[in-house]
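Structure first, commentary second.
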């Protein structure tokens with residue numbers, strides 16, 4: 001006997017194994033969040049994505065906006081631990097809510 005999943009059900013095998021990556025280090029506000037928002041539109045609920053960012057505004061605004069929209073920030077770390085300043089490149093990983 002085989003079980004068929006419901007049409008709207010998403011199984012773990014339907015989700016990407018590796019997180020989706022987006023590099024917005026060369027962009028400035030407001031385009032940084034515009035690109036993140038476009039990424040969000042493509043992701044299924046529960047999917048994980050990773051964003052590379054640089055600059056004081058995206059460093060503050062991107063995690064805050066993701067939280068306000070109901071997504072979970074999983075990690076937010078500098079790529080170079082010796083340089084943990086907002087103007088360095090940071091990697092932010094989140095799960096779409």
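Side notes on the structure shown:
- Among (1) over 19 Å from residue 26 (Cβ atoms); (2) surrounded by fewer than 18 Cβ atoms within 10 Å (Cβ to Cβ) - the single one residue 88 does not satisfy: (1)
- So residue 46, is it part of a loop (DSSP other than H, G, I, E, B), touching a strand residue (DSSP E or B) at 6+ places or on another chain (Cβ under 7 Å) and at pLDDT 85 or above: yes
- For residue 41, the stated conditions do not hold, so it cannot be described as under 21 Å from residue 29 (Cα atoms) and in a loop (DSSP other than H, G, I, E, B).
- Residue check, residue 74 out of contact with any helix residue (DSSP H, G or I) (no Cβ under 8 Å at 6 or more places or on another chain) and either touching a residue at least 40 places away in the same chain (Cβ under 8 Å) or not in a helix (DSSP H, G or I) (or both): yes
- Matching entry among 83, 64 (being in a loop (DSSP other than H, G, I, E, B), surrounded by fewer than 18 Cβ atoms within 10 Å (Cβ to Cβ) and either modelled with pLDDT of 95 or more or over 11 Å from the mean Cα position of the chain (by Cα) (or both)): 83
- Filter result for residue 53 (surrounded by 12 or more Cβ atoms within 10 Å (Cβ to Cβ), free of Cβ contacts under 8 Å to residues at least 40 places away in the same chain, in contact with a helix residue (DSSP H, G or I) (Cβ under 7 Å, 6 or more places away or on another chain) and not in a strand (DSSP E or B)): no
The values are calculated or read from the model by the stated rules, or taken from the named source; none is laboratory data. All values reported here derive from a predicted model rather than from experimental measurement. Positions of Cβ are generated from backbone atoms using ideal geometry, with glycine treated the same way; all protein chains shown enter the neighbour counts.
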